[in-house]
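Asks: Once you've had a glance at the structure underneath, I'll fire off some questions.
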Amino acid sequence: MSRVNIALFILLAFIWGASYTFIKIAVDGLTPAQLVLSRVVLGAIVLFAVLTATKGRLPKNAAVWGHTVVTAILGMVAPFLLLAWGEQRTSAAMAGVLIAATPLLTLAAVTAALPAERATWRKGVGFVLGFAGVVIVIGPWSTSSGSLVGQLAVLGAALCYALQTVYVKKMLASKGVPPLVSATTQVITATVLQAIVTPFFPWKTPHFSPGVVISILLLGVVGTGLAYLIYFRLIGDMGAANASAVNYLVPITAVLVSLITLGEPITWNMVVGTLVVLVALAFAENRLSTLTPART
């Protein structure tokens with residue numbers, strides 16, 4: 001891995017990890033629906049500008065656009081709403097930790113839905129261990145990190161991301177759509193869908209404090225626009241499997257950013273549960289046995 005890719009890898013982990021703090025701040029001034037609409041609009045502007053500058057074109061195939069509606073719902077509209085709503089009821093640190101279940105849920109969903117991904121004893125042990133880790137993170141014996149319903153909403157967002165991955169692999173992987181085109185199409189579609197549903201959600205007059213404005217801009221321009229560009233650069237340079245390993249760092253950066261900026265308490269069960277989930281994922285993917293010492 002080059003130094004540039006290492007820097008981009010760490011930067012992406014911080015961008016995605018910090019997103020939970022920015023969501024927490026932004027929902028003080030906007031409703032979840034208003035926040036999601038602002039976020040996807042800004043993200044669409046950034047990605048479309050880059051696509052245009054690189055002389056890329058949006059797909060003309062109606063079937064691709066039809067599948068994109070599903071991926072936009074599963075990958076943006078639904079999880080973004082669930083995260084914003086959930087973080088009104090739980091901490092940003094807890095949200096960042098719980099979203100660590102996404103890769104494990106993805107592995108479970110892919111195994112269940114795709115015939116080529118057969119179930120193994122290793123995956124079974126990893127799923128059980130990962131579930132135990134999630135229970136430890138939630139800590140049903142404690143109410144210090146927010147309500148259970150808020151935490152379940154965050155887990156619902158993680159499940160949406162997992163289902164999106166399965167759908168993309170099953171329905172779009174063979175379409176040959178370039179990653180940047182796919183991302184831009186998805187964000188534009190999410191913008192249209194969110195614009196349609198926003199009037200049906202509770203509404204309040206937005207309160208644009210400096211913190212709220214900065215959080216919205218960072219979530220849209222950086223978290224939804226720039227992050228996609230970095231991720232696709234890493235996929236191209238490192239491969240999808242290695243690039244997806246950024247999910248191991250996101251919970252750590254989420255906790256660090258929320259601790260520094262919001263002063264949110266970090267409990268023992270959040271730390272232990274996260275470690276259990278990450279170890280479970282590494283075991284299920286057989287990453288532990290493939291780790292080799294660095295050569296000097």
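Coordinate-derived values only; no laboratory data. These figures come from a predicted structure and were not determined experimentally. When we count neighbours, we look across all protein chains shown, and the Cβ atoms used for this are built from the backbone with ideal geometry, even at glycine.
Asks: If only Cα atoms are counted, what is the Rg of segment 101-140, and what is its Dmax, in Å?
Replies: Just the Cα atoms of segment 101-140 yield Rg and Dmax of 11.1, 37 Å.
Asks: Based on the Cβ-Cβ distance from HIS207 to LEU11, what FRET efficiency comes out when R0 is 30 Å, to the nearest 0.05? Provide the component values of the computation, followed by the final result.
Replies: On the way: r = 30 Å, r/R0 = 1.01.
The value I calculate is 0.50.
Asks: Now for a different question. Taking +1 at the Cβ of each Lys and Arg and -1 at the Cβ of each Asp and Glu, which of VAL246, VAL168, LEU81 sits farthest along the dipole of the chain towards its positive end, judged by Cα position relative to the Cα centre?
Replies: VAL168
Asks: While we're on this one: Could you work out the mean projected area of the convex hull around the alpha carbons of segment 190-245, in square nanometres to one decimal? Each step should come with its number before you reach the end.
Replies: On the way: hull surface 22.7 nm².
Averaged projected hull area, Cα only: 5.7 nm².
Asks: Cα to Cα, under 19 Å, and not fewer than 8 places away if on the same chain: which lysines meet these conditions relative to LYS204?
Replies: LYS24
Asks: Nearest 0.05, what FRET efficiency do THR120 and LEU275 give at R0 = 22 Å with Cβ-Cβ as r?
Replies: Result of the calculation: an efficiency of 0.45.
Asks: Which FRET efficiency, nearest 0.05, do SER2 and LYS60 yield, Cβ-Cβ r, R0 25 Å? Display every interim value, and only then the final one.
Replies: Working: r = 36 Å, r/R0 = 1.43.
Calculated value: 0.10.
Asks: Could I ask something else about it? What distance in nm separates the two pseudo spin-label positions at VAL149 and ASP28, each 7 Å out from Cα along the beta-carbon direction?
Replies: If labels sit at VAL149 and ASP28, their model points lie 2.4 nm apart.
Asks: Further question: Work from the charge dipole of the chain (Cβ charges, +1 for Lys and Arg, -1 for Asp and Glu, about the Cα centre) and give the residue of ALA44, ASN61, LEU8 farthest towards its positive end.
Replies: ASN61
Asks: Continuing with this model, one more query. Kindly rank 106-114, 183-191 from highest to lowest mean number of other beta carbons found within 10 Å of each residue. The partial results should precede the final answer.
Replies: Values: 106-114: 17.6, 183-191: 25.0.
Put in order of decreasing packing, that is 183-191, 106-114.
Asks: Could you state the per residue volume, in Å³, of the convex hull enclosing the Cα atoms of the chain?
Replies: Values: hull volume 42.7 nm³, N = 296.
So the per-residue Cα hull volume is 144 Å³.
Asks: For the chain, with only Lys/Arg (+1) and Asp/Glu (-1) charged at the beta-carbon, what is the dipole magnitude about the Cα centre, in debye rounded to 20?
Replies: On the way: 17 positive and 6 negative charges, 148 e Å.
The calculated dipole for the chain is roughly 720 debye.
Asks: Take the alpha carbon atoms of segment 261-275, find their center, do the same for segment 198-238, and report the distance between the two centers in whole angstrom.
Replies: Centre-to-centre (Cα) distance: 24 Å.
Asks: Okay, next question. Which aspartates and glutamates, if any, have their Cα less than 19 Å from the Cα of LYS169, not counting same-chain residues under 8 positions apart?
Replies: LYS169 reaches GLU117, GLU285.
Asks: So, one more: Of the listed peptides 97-103, 7-13, what is their order by residue-averaged count of other C-beta atoms within 10 Å, with the highest listed first?
Replies: Packing order, densest peptide first, comes out as 97-103, 7-13.
Asks: Toward the positive end of the charge dipole of the chain, about the Cα centre and with charges on Cβ (Lys, Arg +1; Asp, Glu -1), which of THR191, THR261, VAL277 goes farthest?
Replies: Looking along the dipole axis, the top candidate is THR191.
Asks: Report D for segment 70-117 in µm² per second (integer): Stokes-Einstein, Kirkwood Rh on Cα pairs, 37 °C, 0.692 mPa s. Kindly include the intermediate steps, with their values, before the conclusion.
Replies: Numbers: Rh = 12.2 Å.
Estimated diffusion coefficient is 270 µm²/s.
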